[in-house]
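Everything below concerns the one structure shown next.
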Amino acid sequence: MNGSWLLVALVLIIFTFGAVGLGMAISAVSEDMISFQAISMLVGFPSMFATGVFYPLGSAPDWMRWIAYMVPLTYANDAMRTIMIKGQSLAFIANDLIILIFFAIFYFALGVYLFRREV
C-alpha cells in the first residue's frame with residue numbers, strides 16, 4: 001500500500017456511518033429478520049457488481065456507470081483505490097469524500113427517522 005492509513009480509516013468511517021444508516025432504514029421497514037436479510041441482499045449484491053468493486057468501472061457500459069454513480073460504494077471504492085494504489089493525498093479524494101459525507105448524512109438521517117417512527 002502506498003497511501004496513508006489515516007485516509008483509509010477516514011473513508012471507511014464515513015462509508016460505515018452511511019451503511020449503518022441504510023441498515024437502520026432497512027430494519028425499520030422490515031417485518032422480521034428474514035425480510036431484513038432479503039432486502040439487504042437485494043441492495044448489497046447489485047451494489048457490489050454495479051460499482052466497479054470487482055472490475056474497473058471505465059469498462060462498464062454507460063447505463064451501468066450511470067447507476068454506479070448513484071451508489072455510495074462507488075465513491076468509497078474510488079477513494080480507496082486512489083489512496084491505496086496511487087498513494088494520493090486528501091486533495092485527490094476530496095470530491096469522493098464530500099459525496100460520501102452527503103450520502104452518509106442522508107442515509108443516517110433517513111435511518112434514524114424511520115427507526116424512531118417505528119418505535
>> I'd like the full set of residues that are of a type in the set (D, E, K, R) and out of contact with any helix residue (DSSP H, G or I) (no Cβ under 8 Å at 6 or more places or on another chain), limited to region 44-78.
In response: Asp62
> Picking from Phe92, Phe102, which residue would you name as being hydrophobic (A, V, I, L, M, F, W, C) and out of contact with any Ser or Thr (no Cβ under 6 Å at 6 or more places or on another chain)?
Replying inline: Phe102
>> Any residue in region 6-29 that is touching a residue at least 12 places away in the same chain (Cβ under 8 Å) sitting within a Cβ distance under 9 Å of a residue that is among the acidic types (Asp, Glu) and surrounded by fewer than 20 Cβ atoms within 10 Å (Cβ to Cβ)? List the pairs, counting only those 6 or more apart or interchain.
In response: Ser27/Glu118; Ala28/Glu118; Val29/Glu118
>> Please go through region 72-93 and give me each residue that is closer than 16 Å to Ile14 by Cα and aromatic (Phe, Trp, Tyr), ordered by number.
In response: Tyr75
> With respect to Phe108, is the statement that it is hydrophobic (A, V, I, L, M, F, W, C), out of contact with any Leu (no Cβ under 8 Å at 6 or more places or on another chain) and crowded, with 18+ Cβ neighbours inside 10 Å true?
Replying inline: yes
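FYI, it's all coordinate maths here, none of it is from the lab. These numbers come from a predicted model, not from an experiment. Ideal geometry is used to build each Cβ from the backbone, glycine not excepted, and the neighbour counts take in all protein chains shown.
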